[in-house]
1. Which values of log₁₀ I(q)/I(0), to two decimal places, follow from the Debye formula for the stretch 2-286 at q = 0.07, 0.10, 0.11, 0.15 Å⁻¹ with a uniform point scatterer at every Cα?
2. Pick out, in residue order, every one of the GluC sites (Glu not before Pro) in the stretch 313-378 that is DSSP loop and has at most 15 other C-beta atoms within 10 Å; say none if there are none.
3. Plugging the Kirkwood radius over Cα pairs into Stokes-Einstein for the stretch 307-365, at a temperature of 25 °C and a viscosity of 0.890 mPa s, what D comes out in µm²/s?
4. Give the aspartates and glutamates whose C-alpha is closer than 12 Å to that of LYS86, dropping any in the same chain fewer than 8 places away, or say none.
5. Under a straight-distance cross-link criterion of Cα-Cα below 26 Å, which lysines are reachable from LYS374, leaving out those fewer than 8 residues away in the same chain?
6. Using only the alpha-carbon atoms of the stretch 288-390, report the extent along each of the three principal axes, biggest first, to the nearest angstrom.
7. Just report the Cα centroid separation between the stretch 229-301 and the stretch 49-76, whole Å.
8. Have a look at the stretch 1-124 and give its Rg and Dmax from the Cα atoms, expressed in angstrom.
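Rule-based calculations on the coordinates, nothing more; no lab input. Only a predicted model underlies this, so the values are computations on that prediction, with no experimental measurement involved. A quick note on method: Cβ atoms are made from the backbone with ideal geometry, for glycine too, and the neighbour counts reach across all protein chains shown.
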Amino acid sequence: MNFKINYKDSTTDARSGEIVLSRGVVKTPVFMPVGTLATVKGLTPRELVDINAEIILGNTYHLMLRPGEELVSQFGGIANFMAWHKPVLTDSGGYQVFSLAEQRKITEEGAEFRSHIDGSRHFLSPERAVEIQSQLNSDIMMVLDECPAKEFSKTEVLKSLQLTQRWAERCFLAKKEIEKKQHNVDFSKANFVWKYLKASEQNLFPIVQGGIHLDLRKESAEGLISLDAPGYAIGGVSVGEGHELMREVVEFTTPLLPTKKPRYLMGVGHPQDLLMGIAAGIDMFDCVLPTRNGRNGGALTKNGPINLKNACHRDSFDPIDDDCDCYACQNFSKGYIRHLFIAREMLASTLTSMHNVRFLISLMEQARIEIKNKTFASFAKEFMRRYNKK
């Protein structure tokens, strides 16, 4: 992986650049649509290309349960499985295990949990998380981490981040062992799967934890920097701590990470949080917000979020956002899309999700232009003035 910073803003830490991966170039800052089960809900890969998505995210926890990493590997990995011919990042599943609450048990060795599908028992260790992601053949994979609950005491958060540090070290050792095995394969005689594995170089990112405690965030970041990873992520935010505490954590933690490597803020998708993260020097974002809200009638607009199911849109001839260039806004009215929601037609979710994802991708595109012109701060201020004017 190669990361190059092309431009820097004059009054913030915002920067724009490029991440060069085996399957393509990703321009940063970038928003990554979430394709948990090897699909971005409601959208085809062609539609994702049309709205200029450059990289999507898949999830280890969900794919190991269904359809299973062995099946995905038979197709050459997640990208080939879903006919997506651009880069893919896979999360380790740590957050999903964390969200299972009473159905999981965390030990030094890993996480034991019950499947949300059928209640069957599973065990996810750092080594297993890397092995599964290797079979999924993603371009970027994440270490297994423990995401501490907001109710954790500081002592519990410290214990958790130290466990995450040890797990990260084990993940990197596991990756080296897998690379040794791949190095010894005669690819001229390799089967279908190994040929695809050779074609894609995988990059492993560790995850900074520490809750809302800045001194613990510093300890976590310093410990993970020693791994000399190709990129670094900030995890454990947007889990109920509120926007102001999130801002404090992100603005404190981001400068602790290497400036010449991509920085990834996990699970964040509200426009105000994206702009805050960019200003702090974040390069990568992901969130289920645009498609989850889209399936329920929630649409993002330059004047703030709206609910397309509301009766006020019944007679509207206007598009969701008259500044948007997506297929939904160029062809359909809010009145029509509301009708689809009321009639429970699947197209309603597709059109709204398509618009929402395009809205955030367009926000990233404009941010890159503003960073190049050294006007990002004024752009972000004006965007938020308009977005919050209600």
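1. Here the Debye-derived log intensity ratios amount to -0.24, -0.50, -0.61, -1.18.
2. GLU345
3. Rounded to a whole number, D works out at 215 µm²/s.
4. Within reach: GLU54, ASP139.
5. LYS4, LYS8, LYS27, LYS260, LYS261, LYS302, LYS389
6. 47, 23, 23
7. The two parts, judged by their Cα centres, are 22 Å apart.
8. 17.3, 54
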